[in-house]
């Protein structure tokens with residue numbers, strides 16, 4: 001269970017750093033809600049919970065969300081927060097309606113499952129090949145994603161820096177910052193769809209935003225933020241699994257709650273430290 | 001149609017929710033804090049759960065008190081974090097929102113360890129069920145609507161001036177704390193009542209979208225206020241009406257669909273108008 005949790009949290013905490021730095025964390029929130037119609041449509045077309053069609057559906061809706069937000073912002077001059085709110089509530093409502101219309105009788109897919117997720121049941125979905133246990137499906141899907149995220153981050157290190165801090169400069173240099181952004185958003189939506197069964201969409205936001213927020217309290221060095229963020233993400237997973245198991249409550253919200261407590265503690269300690277110094 | 005008392009309650013309820021959401025949303029939109037509504041609607045969950053755990057009954061006013069306390073704590077924490085850390089405001093909102101919601105979910109799963117019959121009501125509180133609205137809820141909604149309209153009627157200028165020119169108002173000696181306290185109170189009250197009908201996620205739509213689409217149609221502040229309220233009320237009632245046409249149709253999503261249609265029309269109108277203007281000037 002710890003491994004499943006970590007395989008959800010690790011890519012989230014790395015992607016989250018970029019989102020937080022670019023002030024796009026609410027777009028991440030929007031995407032994690034907005035992948036719902038993509039999932040439902042893919043589910044309706046192929047009539048099973050195969051992961052590949054769902055991935056494609058989610059990636060498409062994820063990119064669509066960013067495009068829609070951008071369209072509202074640029075073309076219609078809607079202010080950013082309102083654009084985000086309009087876009088994701090529309091898509092989410094569409095998803096809920098689709099479920100109500102077509103998948104109503106199907107217990108495989110309901111909005112509570114999408115919103116909350118269930119780490120405990122997701123580990124029952126195991127990969128057994130040649131009679132040997134290879135870990136759970138969630139790990140098998142998310143582990144490659146973690147590798148891809150790490151790989152993409154290292155490979156595109158300079159590109160991401162330029163994108164996050166100075167995209168005008170990037171554009172001037174002939175860098176396609178929009179494409180970089182779409183790439184990141186695709187990764188975020190793939191992550192959202194892979195992890196929604198385990199942790200639910202709102203917890204995905206928590207996993208995206210909390211580790212980087214903690215990390216930014218501890219350091220201001222660009223590369224260190226990623227490392228700290230990943231460590232804090234994994235630490236709260238381990239703690240969350242233990243605490244949740246101990247008092248017998250669901251794991252995913254426990255992980256996020258603990259992460260939130262860690263964040264609050266760090267902020268308070270920082271406050272006290274700065275008072276003492278000053 | 002109006003002979004059925006449930007339907008009358010549903011239409012009255014959605015009308016009132018649409019009204020207060022649009023009024024409150026108008027001010028959060030002007031302050032560029034539209035996503036605060038989103039944060040509050042997630043953040044009231046732990047309060048609702050705690051209120052239920054302590055009292056053991058699902059009475060609207062008890063849950064409302066719980067919702068109010070945790071919503072207020074969340075807005076306080078948001079402004080505290082904005083002051084003390086260097087994090088940007090969207091990050092702070094996401095942090096507070098996800099932490100509170102996670103705490104609430106922990107509480108919910110803790111409650112489910114020893115289930116009893118009152119809990120079905122709690123999940124309605126999250127996903128919204130307008131059909132379950134009672135006459136008491138309607139009276140509550142009326143009371144809150146009157147309160148909010150009164151506050152707005154007395155302080156319209158003051159809120160608007162704060163939204164547009166904060167420094168000037170502070171310089172004039174008006175208290176910013178009082179302003180944001182009033183505004184936060186209104187947001188929390190509106191959201192706490194509204195999510196019973198619409199659910200957590202879709203409540204923020206009713207706060208944001210009416211005023212955002214009204215903004216495409218007009219530049220005048222008074223007109224914007226009126227148009228936003230009109231759009232909010234109309235789409236809430238019309239969406240509720242559509243959802244009663246068929247069995248088991250969720251209300252919230254239909255309201256959002258109507259809202260989105262109106263937004264698209266507004267966008268189209270704006271586009272045509274701006275095209276015409278270009279032709280005139282060119």
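The values are calculated or read from the model by the stated rules, or taken from the named source; none is laboratory data. Treat the numbers as computed from the prediction; the structure is a model and nothing was measured. Every residue, glycine among them, receives a Cβ derived from its backbone with ideal geometry; neighbour counts consider all protein chains shown.
Which of the residues belonging to region B:71-80 are free of Cβ contacts under 8 Å to residues at least 60 places away in the same chain and over 12 Å from residue B:97 (Cβ atoms)?
Step one: of region B:71-80, the residues free of Cβ contacts under 8 Å to residues at least 60 places away in the same chain are B:73-74, B:76-78, B:80.
Residues satisfying the conditions are B:73, B:76, B:80.
Given (1) assigned to a helix (DSSP H, G or I); (2) within 13 Å of another protein chain (Cβ to nearest Cβ); (3) in contact with a helix residue (DSSP H, G or I) (Cβ under 6 Å, 6 or more places away or on another chain), identify the lone condition not met by residue A:71.
(3)
What single numbered condition from (1) in a helix (DSSP H, G or I); (2) within 23 Å of residue B:7 (Cβ to Cβ) fails to hold for residue B:226?
(2)
Out of (1) part of a helix (DSSP H, G or I); (2) farther than 22 Å from residue A:37 by Cβ, what's the single condition that is false for residue B:242?
Exception for residue B:242: condition (2).
Of the residues A:239, A:235, A:261, A:216, which single one is in a helix (DSSP H, G or I) and in contact (Cβ under 8 Å) with a residue 40 or more places away in the chain? Steps first, answer last, please.
Working: A:239 fails: in contact (Cβ under 8 Å) with a residue 40 or more places away in the chain; A:235 fails: in contact (Cβ under 8 Å) with a residue 40 or more places away in the chain; A:261 fails: in contact (Cβ under 8 Å) with a residue 40 or more places away in the chain.
Going through A:239, A:235, A:261, A:216 in turn, the sole match is A:216.
Please work out which residue is farthest from the chain's Cα centre (by Cα), limiting yourself to region B:93-115 and to residues that are at the interface with another protein chain (Cβ under 8 Å from one of its Cβ atoms) and surrounded by fewer than 23 Cβ atoms within 10 Å (Cβ to Cβ).
So the residue we want is B:113.
I'd like to verify a number: residues in region B:197-214 that are more than 7 Å from chain A (Cβ to nearest Cβ) and either closer than 11 Å to residue B:260 by Cα or in a helix (DSSP H, G or I) (or both), how many?
So the first thing to find is which residues in region B:197-214 are more than 7 Å from chain A (Cβ to nearest Cβ), and the list is B:197-200, B:203, B:206-207, B:210-211, B:213-214.
Adding the requirement that they be either closer than 11 Å to residue B:260 by Cα or in a helix (DSSP H, G or I) (or both) leaves B:197-198, B:200, B:203, B:206-207, B:210-211, B:213-214.
Residues flagged as more than 7 Å from chain A (Cβ to nearest Cβ) and either closer than 11 Å to residue B:260 by Cα or in a helix (DSSP H, G or I) (or both) within region B:197-214 amount to 10.
Tell me, yes or no, whether region B:248-263 has at least one residue that is farther than 21 Å from residue A:94 by Cβ, assigned to a helix (DSSP H, G or I) and at pLDDT 90 or above. Outline the logic, then answer.
Taking region B:248-263 and keeping what is farther than 21 Å from residue A:94 by Cβ, we get none.
Checking region B:248-263: not a single residue is farther than 21 Å from residue A:94 by Cβ, assigned to a helix (DSSP H, G or I) and at pLDDT 90 or above.
Might you check whether a residue that is modelled with pLDDT of 75 or more and within 14 Å of chain B (Cβ to nearest Cβ) occurs anywhere in region A:173-184?
no
A quick yes/no check of all residues on (1) surrounded by fewer than 19 Cβ atoms within 10 Å (Cβ to Cβ); (2) in contact with a helix residue (DSSP H, G or I) (Cβ under 6 Å, 6 or more places away or on another chain); (3) touching a residue at least 60 places away in the same chain (Cβ under 8 Å); (4) away from every other protein chain (no Cβ under 14 Å):
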| position | (1), (2), (3), (4) |
| --- | --- |
| B:8 | yes, no, no, yes |
| B:26 | no, yes, yes, no |
| B:29 | no, yes, yes, no |
| B:48 | no, yes, yes, yes |
| B:56 | yes, no, yes, yes |
| B:66 | no, yes, no, yes |
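Identify the residue in region B:82-92 that is within 7 Å of another protein chain (Cβ to nearest Cβ) and in a helix (DSSP H, G or I) and, among all such residues, is farthest from residue A:25 (Cα to Cα). Can you show your working first?
So in region B:82-92, the residues within 7 Å of another protein chain (Cβ to nearest Cβ) come out as B:84-85, B:87-88, B:90-91.
Filter again for in a helix (DSSP H, G or I), leaving B:84, B:90-91.
Values: B:84: 20, B:90: 7, B:91: 6 Å.
For region B:82-92, the residue satisfying everything is B:84.
With (1) within 21 Å of residue A:84 (Cα to Cα); (2) more than 17 Å from the chain's Cα centre (by Cα) as the list, and residue B:171 as the residue in question, which single condition is left unmet?
(1)
Output the residues belonging to region A:233-259 that are surrounded by fewer than 24 Cβ atoms within 10 Å (Cβ to Cβ), closer than 23 Å to residue A:188 by Cβ and either within 11 Å of another protein chain (Cβ to nearest Cβ) or under 16 Å from the mean Cα position of the chain (by Cα) (or both).
A:234
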